[in-house]
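Read through the structure below, which is laid out as structure tokens, and then see the notes.
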Amino acid sequence: MSKYQDFVETVDSELEKLLNKGPSFVNAEPAELSKRCLISRASLQLATDRLVEDNVPDRAINELKGGIARIIDDCEKFGKKILTKKKLPFKRPAKSVVITSSDKTKRLIALDSESYDNMVSKSTIDTGNYKPLKRLNLPRTEQINFNKVLNKVANKYKSSDPKMYNNLRANICSEPMPCPVYCLPKDHKEGDLKGRPIHAATDTPATRLSRYLAK
């Protein structure tokens, strides 16, 4: 079975060959590398923070963090050149074309943007279980304000109780901003093409502090 299904019939033949190989074969654009490295560093910091919470030995955490950090550094240093060499020639699809992976079959599917937007709307707002928000539930300013207050409290213990200081500092909020909702087409089902909505959630600024206080 083909790994790629075209519902718009406007995709370049070279791009179609690439998409038929599956999503894992598509390399990142060289220009996106710095952003992806930054996201990887943020994810690494979140992972190590959770290891600290789980009382994993510092030596093990430092070895893991150092090893992965070196990989990210090498990727940022040499990755653009490697990706440029591996870049495959194809004509980019029109902006009106959305290419996304499917729900169960893990194929890549090309849809016109209007059909895709309707699919997202039908699987979210039209069900009555979702509503559009004018702003995100966790704006960056909320994190900054929370961290400012927590730092102020933690600094009171910096000299008198270093352990308490470190424990409070470990609860600083660093949640990523949630991504917009998107859909995975259910091409394994018969009838009209429907989508499964995917939406991200993040903890509130005080979630980690609440867990610490509950202990």
Failed condition for residue 145, given (1) in a helix (DSSP H, G or I); (2) under 20 Å from residue 48 (Cβ atoms), with all others met?
(2)
Being under 17 Å from residue 189 (Cα atoms) and charged (D, E, K, R) is the filter; apply it to the stretch 107-123 and report the residue that is surrounded by the most Cβ atoms within 10 Å (Cβ to Cβ).
107
Condition set among the basic types (Lys, Arg), over 23 Å from the mean Cα position of the chain (by Cα) and over 20 Å from residue 170 (Cα atoms), scope the stretch 52-86, selection modelled with the lowest pLDDT: answer is 86
Every residue in the stretch 170-193 that is surrounded by 12 or more Cβ atoms within 10 Å (Cβ to Cβ), modelled with pLDDT under 85 and among the charged types (D, E, K, R), please.
175, 187
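More than 27 Å from the chain's Cα centre (by Cα) and polar (S, T, N, Q): does that describe residue 167? Talk me through it step by step, then tell me what you get.
On the way: more than 27 Å from the chain's Cα centre (by Cα): yes; polar (S, T, N, Q): yes.
Judged against the criteria, residue 167 is a match.
The values are calculated or read from the model by the stated rules, or taken from the named source; none is laboratory data. Here the structure is a predicted model, which is why all the values come from computation and not from measurement. Cβ: placed from backbone, ideal geometry, glycine included. Neighbour counts: every protein chain shown.
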